Amino acid sequence: MHLQLKSLHAGARLLSVLLLLTSIQVAAQEPLIEEIVVWGSDREQRIGTLSPDSILTPEDFRSINVATTEDLVKFEPSVVVRRRFIGDSNGVLGMRGSNMFQTSRSMVFADGVPLHYLLQSRWNGAPRWTMVSASEIAQVETLYGPFSAEYSGNAMGGVVNIETAIPQQQEFHFDSSYFSQAFNDYGFDGTVNGHKSFLSYGNKFGDTSVYLSYNHLRNDSQPQTFRAGNRSTSDSPMAVTGTIVENDDRGRSASWFMDTGIVDTETHNYKFKLGHDFGNWSTLLNIAYEDRSSMADAANTYLRDSKGNPVYNGHVIDNGRQYFVPASRFATSDLQRDSLNLGLRLRGQLTETIELETNVSRFEVLRDENRNSSTHPDDPNYTTIGQIRDFGDTGWDTAEVKLTFDELGVDGLSLISGVRHESYELNLDIFRSDNYISGEKTSYSSRSGGETELLAVFAQFNWQLTEQWDAAFGIRWEDFESSDGYFDNDDPATVDFDLTKVPARSDNQVSPKFTLGYRIDDLWSLRYSVAQAYRFPIVEELFSQYEAYNTISISSPGLNPEDGVHHNVMVERILTNGYLRVNLFTENIEDVIESQTGIIEGGTSLRTFLPIGEIETSGIEFITNARDLFIDRLDVRFNLVYTDSEIVRNAPNPSIEGNIYPRMPEWRGNLLASYRINSKWDAGINFQYASDSFGRTDNMDIQDNVYGAQDGFERLGVKSTYRMDNGLAFGFGVDNLTNEVAYVAHPWPGRTYYLNLAYDL
């Protein structure tokens with residue numbers, strides 16, 4: 001009831017914003033739109049829409065304040081990207097019935113190269129968005145659900161296909177952005193700033209295209225974590241002042257004593273692409289290198305002793321409230337991460353009716369090291385003793401061969417079939433360090449890791465039965481294997497650091513797909529899609545076991561694959577320059593792998609991965625995408641989705657049956673509206689809405705607007721760009737115009753200003 005009351009008027013609010021746009025009446029010229037050629041295949045040319053989809057082009061970007069690639073995805077229907085600040089490495093993606101922490105249920109590709117991170121989950125499983133820069137993107141296609149046999153069960157939520165532009169002549173592009181946001185909550189009140197610069201050069205020499213780019217992003221974020229103390233019964237607590245007394249996410253009075261301070265992030269991305277056409281064949285080599293760093297070394301304590309000195313640890317008492325302050329809560333974090341992504345695509349005609357496409361890729365973690373102190377550098381007890389987390393021999397390989405047959409001896413019948421192989425490896429070592437600053441790895445504290453492998457064979461027949469009817473039937477066979485799993489089980493009496501080996505496992509499943517479409521007339525069409533999908537566990541879910549500061553993880557090597565049955569009914573009405581669409585969807589997924597977390601003595605987080613018996617999700621999407629809507633030169637993309645996600649079966653803990661599944665708001669909506677004032681100047685607004693949700697399976701987190709909550713939010717933004725004849729363009733924008741403070745466990749950014757400059761030659 002608490003959630004329902006706050007979300008009753010969600011649709012009305014969004015529709016009101018949409019209807020306000022009809023009052024805009026300005027005379028203007030129609031700008032010329034250049035045709036953009038992309039590296040990838042043109043999915044729009046396929047007969048029928050086998051999966052519910054949505055396509056974004058540069059014309060749709062005009063009302064978005066774009067800093068990183070996530071900005072171009074987050075306004076799509078039934079999509080949520082939890083990017084907590086510009087430059088966040090944890091920009092997790094959720095789609096439809098898969099929440100933002102079920103990262104292994106959504107797939108992201110850029111020019112056919114995987115960006116999804118199927119090694120870890122939750123905040124660690126975010127796609128590697130920065131491997132493709134927002135400034136190089138020519139098209140974003142979003143597919144919903146696992147209705148195509150081309151994709152594995154990791155597409156239960158959906159797939160994001162990003163394509164970049166092909167240089168057709170010599171071109172030079174530069175753009176730079178400055179952004180600034182103010183944030184004020186708990187004991188923090190300040191302004192944080194950042195900037196982005198992008199530079200690219202492209203050219204075409206005969207049949208060969210060359211593209212080079214460099215993207216640099218640096219930004220400071222608002223504090224991401226706020227800490228409250230656990231009650232203490234010490235006989236001699238220290239008297240302090242400064243405690244902030246507010247409820248926690250479960251409505252319990254809490255003593256907040258610190259925040260983790262500003263996070264300083266910096267990313268360098270280098271990209272090289274080489275394309276070549278020879279006859280009916282084309283190939284693309286894609287090389288991306290990322291150098292990322294993140295520093296959090298300025299945690300803020302709110303506490304002062306009787307002499308006014310800051311307090312960083314110990315048993316304390318403030319106005320009769322006695323609690324414990326762990327020194328490790330103020331630990332510094334210095335993350336250094338280097339990654340290399342390689343991709344090769346080959347596509348061409350074997351015959352007039354048979355097309356071949358191959359994609360191979362390699363993602364390698366060259367370095368991923370996080371150095372942590374044991375306490376705050378200003379703590380009187382501070383030393384260089386700390387901890388180092390190091391990912392070694394971590395990455396993945398993929399290879400795929402697809403054949404498309406346009407003629408099979410039956411009018412309108414075509415076939416796409418192929419083979420795909422994927423292998424993943426994750427190894428995490430945690431070290432005790434006598435000098436974390438220099439990176440000294442004194443001794444092992446914990447070790448875990450392992451490998452998974454997936455081999456798939458798929459085939460899908462697409463049949464245009466008549467001018468009105470079309471159908472598709474697909475099947476996907478997958479063979480899964482986990483191997484070389486291990487975690488530590490050290491005996492202090494032995495010299496070596498003892499490891500426990502996990503036996504190899506294998507499994508195979510068959511996933512059928514079916515789609516039937518009917519075109520009523522030139523304007524109206526219907527489509528029904530149904531699919532079964534299996535999502536196999538990833539390396540972290542199977543083998544992750546370690547002890548680190550404030551965190552313990554327990555492995556679950558016996559996990560079964562998630563088993564989902566998905567339905568979608570789509571009704572579409574074609575407009576003069578767009579479409580109206582309604583999707584009704586349901587998902588029943590068994591053995592849902594959920595990260596179960598609890599707090600043990602001392603405030604340490606204990607985590608393991610356990611299955612929930614069955615989750616049932618149903619929803620309805622309302623989508624309007626149209627150009628020149630209501631008046632000339634007004635382009636609108638509007639979507640509103642209602643979702644009901646419920647835990648319907650859970651034998652180990654039946655008390656949560658009937659509860660709402662975490663991080664699944666009932667209502668979610670987006671609006672992008674841009675007005676082309678003339679051929680040089682455009683202006684637009686963007687709007688995001690979500691109702692409240694829960695973050696816990698027990699649905700006990702009922703408090704709004706506190707750290708740890710899953711708040712609803714209404715975020716309004718504006719943007720305007722002016723383009724000059726000499727290739728210069730200037731832009732200004734604001735996100736979260738009302739400066740709303742809201743939490744998705746961590747705080748969303750406050751009001752953020754953007755200044756943009758671009759130059760094309």
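So is Val401 in contact with a strand residue (DSSP E or B) (Cβ under 8 Å, 6 or more places away or on another chain), surrounded by fewer than 16 Cβ atoms within 10 Å (Cβ to Cβ), among the hydrophobic types (A, V, I, L, M, F, W, C) and part of a loop (DSSP other than H, G, I, E, B) or not? No, not satisfied.
Looking at this structure, is Thr466 polar (S, T, N, Q) and outside any strand (DSSP E or B)? Here the answer is yes, as Thr466 does meet what is asked.
Tell me, yes or no, whether region 419-436 has at least one residue that is over 30 Å from Ala531 (Cβ atoms), outside any strand (DSSP E or B) and touching a Lys or Arg at 6+ places or on another chain (Cβ under 8 Å). There is at least one residue in region 419-436 that is over 30 Å from Ala531 (Cβ atoms), outside any strand (DSSP E or B) and touching a Lys or Arg at 6+ places or on another chain (Cβ under 8 Å).
The set of residues from region 71-95 being closer than 20 Å to Ile620 by Cα and basic (Lys, Arg) comprises just one member, Lys74. Considering only residues that are assigned to a strand (DSSP E or B) and small (Gly, Ala, Ser), look in region 372-398 and name the one that is nearest to Arg304 (Cα to Cα). Once the filter is applied, the top-ranked residue is Ser373.
Given the condition part of a loop (DSSP other than H, G, I, E, B) and aromatic (Phe, Trp, Tyr), answer yes or no: does some residue in region 640-658 qualify? The answer is no; no qualifying residue exists.
Scanning region 308-320 for residues that are in contact (Cβ under 8 Å) with a residue 40 or more places away in the chain and either in a strand (DSSP E or B) or surrounded by fewer than 16 Cβ atoms within 10 Å (Cβ to Cβ) (or both) turns up Pro310, Gly314, His315, Val316, Ile317, Asp318, Asn319. All conditions but one from (1) within 28 Å of the chain's Cα centre (by Cα); (2) open to solvent by 40 Å² or more (accessible area, probe 1.4 Å) apply to Trp396; the one that does not is (2). Filtering region 607-637 down to residues that are charged (D, E, K, R) and within 25 Å of Asn560 (Cβ to Cβ), which residue is surrounded by the fewest Cβ atoms within 10 Å (Cβ to Cβ)? Going through the qualifying residues, I end up with Arg607. When the residues of region 201-231 are filtered to those that are over 22 Å from Ala165 (Cα atoms) and among the small types (Gly, Ala, Ser), the one that is most open to solvent (accessible area, probe 1.4 Å) is Ala228.
Of all the criteria given as (1) open to solvent by 80 Å² or more (accessible area, probe 1.4 Å); (2) touching a residue at least 12 places away in the same chain (Cβ under 8 Å); (3) more than 23 Å from Gly392 (Cα to Cα); (4) out of contact with any Ser or Thr (no Cβ under 9 Å at 6 or more places or on another chain), the one not satisfied by Pro492 is (2). Close contacts from region 82-97, counting a first residue that is under 12 Å from Asn219 (Cβ atoms) and a second that is open to solvent by 10 Å² or more (accessible area, probe 1.4 Å) and of a type in the set (Gly, Ala, Ser), with Cβ to Cβ under 7 Å and a gap of 6+ residues or different chains, come to Ser89/Ser294. Do we find a residue being part of a loop (DSSP other than H, G, I, E, B) and either surrounded by 16 or more Cβ atoms within 10 Å (Cβ to Cβ) or β-branched (Val, Ile, Thr) (or both) anywhere in region 266-273? No, the conditions are met nowhere in region 266-273. Residues considered: Val159, Val113. Of these, the only one that is farther than 23 Å from Asn462 by Cα and of a type in the set (A, V, I, L, M) is Val113.
Scanning region 350-370 for residues that are open to solvent by 60 Å² or more (accessible area, probe 1.4 Å) and touching an Asp or Glu at 6+ places or on another chain (Cβ under 7 Å) returns Arg362, Leu366, Arg367. Could you grab me the full set of residues in region 291-304 that are small (Gly, Ala, Ser) and either open to solvent by 20 Å² or more (accessible area, probe 1.4 Å) or assigned to a strand (DSSP E or B) (or both)? The answer is Ser293, Ser294, Ala296, Ala298.
What are the residues in region 138-189 that are under 21 Å from Val641 (Cβ atoms) and part of a strand (DSSP E or B), if any? The answer is Val140, Glu141, Thr142, Leu143, Tyr144, Gly158, Val159, Val160, Asn161. Got a number for residues in region 734-761 being open to solvent by less than 50 Å² (accessible area, probe 1.4 Å) and on the phi > 0 side of the Ramachandran plot? Qualifying residue count for the region: 2.
Name every residue in region 491-521 that is in a strand (DSSP E or B) and more than 30 Å from Ser448 (Cα to Cα), in order of residue number. Those that are in a strand (DSSP E or B) and more than 30 Å from Ser448 (Cα to Cα): Val510, Ser511, Pro512, Lys513, Phe514, Thr515, Leu516, Gly517, Tyr518, Arg519. Any chance region 200-216 includes a residue that's part of a loop (DSSP other than H, G, I, E, B) and touching a strand residue (DSSP E or B) at 6+ places or on another chain (Cβ under 8 Å)? Yes, region 200-216 contains a residue that is part of a loop (DSSP other than H, G, I, E, B) and touching a strand residue (DSSP E or B) at 6+ places or on another chain (Cβ under 8 Å).
Looking for something of a type in the set (A, V, I, L, M, F, W, C), modelled with pLDDT of 90 or more, open to solvent by 50 Å² or more (accessible area, probe 1.4 Å) and in a strand (DSSP E or B) - is there at least one such residue anywhere in region 583-595? For region 583-595, residues of a type in the set (A, V, I, L, M, F, W, C), modelled with pLDDT of 90 or more, open to solvent by 50 Å² or more (accessible area, probe 1.4 Å) and in a strand (DSSP E or B): present. Report yes if Leu415 is more than 29 Å from the chain's Cα centre (by Cα) and modelled with pLDDT of 95 or more, otherwise no. So Leu415 passes the test.
This table checks each residue for (1) over 24 Å from Ala110 (Cβ atoms); (2) in a strand (DSSP E or B).
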| residue | (1), (2) |
| --- | --- |
| Tyr289 | no, yes |
| Ser306 | yes, no |
| Gln322 | yes, yes |
| Asn359 | no, yes |
| Asn370 | yes, yes |
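For Gly261, the conditions (1) at negative phi; (2) open to solvent by less than 60 Å² (accessible area, probe 1.4 Å) are fulfilled apart from (1). Once region 50-97 is narrowed to residues that are in contact with a strand residue (DSSP E or B) (Cβ under 6 Å, 6 or more places away or on another chain), outside any loop (DSSP other than H, G, I, E, B) and of a type in the set (Ser, Thr, Tyr), the residue that is surrounded by the most Cβ atoms within 10 Å (Cβ to Cβ) is Ser63.
You will find that of Leu640, Leu671, Leu716, the residue that is out of contact with any Pro (no Cβ under 9 Å at 6 or more places or on another chain) and surrounded by 20 or more Cβ atoms within 10 Å (Cβ to Cβ) is Leu671 and no other.
Right, Ser282: touching a residue at least 60 places away in the same chain (Cβ under 8 Å), open to solvent by less than 60 Å² (accessible area, probe 1.4 Å) and in contact with a His (Cβ under 8 Å, 6 or more places away or on another chain) or not? Considered against the rule, which asks whether it is touching a residue at least 60 places away in the same chain (Cβ under 8 Å), open to solvent by less than 60 Å² (accessible area, probe 1.4 Å) and in contact with a His (Cβ under 8 Å, 6 or more places away or on another chain), Ser282 comes out as yes. From the list Val108, Val92, which residue is over 20 Å from Ala673 (Cβ atoms), touching a Lys or Arg at 6+ places or on another chain (Cβ under 6 Å) and at pLDDT 95 or above? Sole residue among the options that is over 20 Å from Ala673 (Cβ atoms), touching a Lys or Arg at 6+ places or on another chain (Cβ under 6 Å) and at pLDDT 95 or above: Val92. Tally the residues that are over 18 Å from Glu400 (Cβ atoms) and crowded, with 16+ Cβ neighbours inside 10 Å, restricting the search to region 454-480. Qualifying residue count for the region: 7.
The values are calculated or read from the model by the stated rules, or taken from the named source; none is laboratory data. Just so we're clear, the structure is a prediction, and the values are computed from it rather than from any experiment. As a convention, Cβ positions derive from the backbone with ideal geometry for all residues, glycine included, and neighbour counts pool all protein chains shown. In case anyone asks, the SASA skips ligands and DNA or RNA and just uses the protein heavy atoms, side chains included. Shrake-Rupley method; radii C 1.70, N 1.55, O 1.52, S 1.80 Å.
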